[in-house]
Amino acid sequence: MDLLKEKIKKDGIVINEHVLKVDNFLNHQVDTKLMDSIGEEFANYFKDKNITKVVTIESSGIAPAYSVASKLNVPFVIFKKQSSAILDTETTIQTPVHSFTKNTDYILMASKKYLSENDNILIIDDFLANGQAAMGAYRILKEAGSSVAGVGIVIEKSFQDGRKKLEDLGLDVYSLARVSKISSNGIEFLD
């Protein structure tokens with residue numbers, strides 16, 4: 001997606017060869033016009049997959065997931081990274097996940113109430129690095145008995161192995177910007 005790649009090159013901040021900061025348009029401040037375009041692109045790609053819901057992981061995936069769900073005219077469900085007084089182990093499905101960015105482990109959880117064996121779900125996330133977050137979402141969906149239509153990623157770090165792990169599960173992975181290299185000289189993309 002050329003618009004996204006231009007935005008990354010213009011406004012993305014290289015922290016190091018593994019970390020690209022995009023908080024000024026994707027996950028702190030949100031560029032709503034860009035988000036509309038992102039939603040449209042994912043909706044067009046996955047339109048024939050009979051998607052019943054879109055799923056994301058709090059919090060950076062919320063804006064793109066909302067946009068996609070809105071374009072597909074389906075609900076979206078937010079998986080939580082933190083426990084809450086209104087979520088308990090009897091009403092949730094949980095799985096451990098390792099965060100590459102934060103280098104920490106957390107428990108990903110989703111309410112059983114919003115997932116069923118009748119669902120065909122699209123996972124949307126902001127970044128794909130080692131695939132741990134998307135694989136955690138996949139595990140929860142499989143435990144709920146839901147089908148997984150695919151995984152939509154806004155920015156993929158293609159030099160890491162997340163895509164391969166997801167494709168090895170048989171998932172259709174569609175990334176809007178596939179970054180092949182992050183360096184002090186800039187950001188390079190796969191075609």
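The values are calculated or read from the model by the stated rules, or taken from the named source; none is laboratory data. Computed from a predicted model, the values in this text were never measured in an experiment. So basically every Cβ, Gly included, is an ideal-geometry build from the backbone, and we count neighbours across all protein chains shown. For the accessible areas, the whole protein counts, side chains as well, though only heavy atoms, and no ligand, DNA or RNA atoms are used. Shrake-Rupley method; radii C 1.70, N 1.55, O 1.52, S 1.80 Å.
Extension gain, Asp168 to Lys21: 0.36 nm times the residue separation minus the Cα-Cα distance gives 50.1 nm. For the chain, the longest principal axis of the C-alpha atoms and the axis of helix 32-46 are separated by about 60°. Multiplying the residue separation of Ser116 and Ser99 by 0.36 nm and removing their Cα-Cα distance gives an extension gain of 3.5 nm.
Mean residue ellipticity at 222 nm, helices only, the chain: -9000 deg cm²/dmol; runs of at least 4 DSSP H residues each add -39,500 (n - 2.57), and the sum is divided by the number of residues.
Here the alpha carbons of the chain define both size measures, Rg and Dmax, at 15.9, 50 Å.
Computed from Cα atoms, the angle from the helix 132-144 axis to the main principal axis of the chain rounds to 20 degrees. Expressed per residue, the C-alpha convex hull volume of region 1-79 stands at 101 Å³. In this structure, the residue pairs whose Cα-Cα separation is over 19 Å, taken from Lys81/Lys112; Lys113/Lys164; Lys81/Lys113; Lys53/Lys102, are Lys113/Lys164; Lys53/Lys102. Other residues with beta-carbon under 15 Å from the beta-carbon of Val179 carry, at +1 per Lys or Arg and -1 per Asp or Glu, a net charge of -1. The largest accessible area among Met109, Met1 belongs to the first residue in Met1, Met109, and the rest follow in falling order (1.4 Å probe, all chains).
What is the Cα convex hull volume of region 98-168 when expressed per residue in Å³?
Cα convex hull per residue, to the nearest whole number: 86 Å³.
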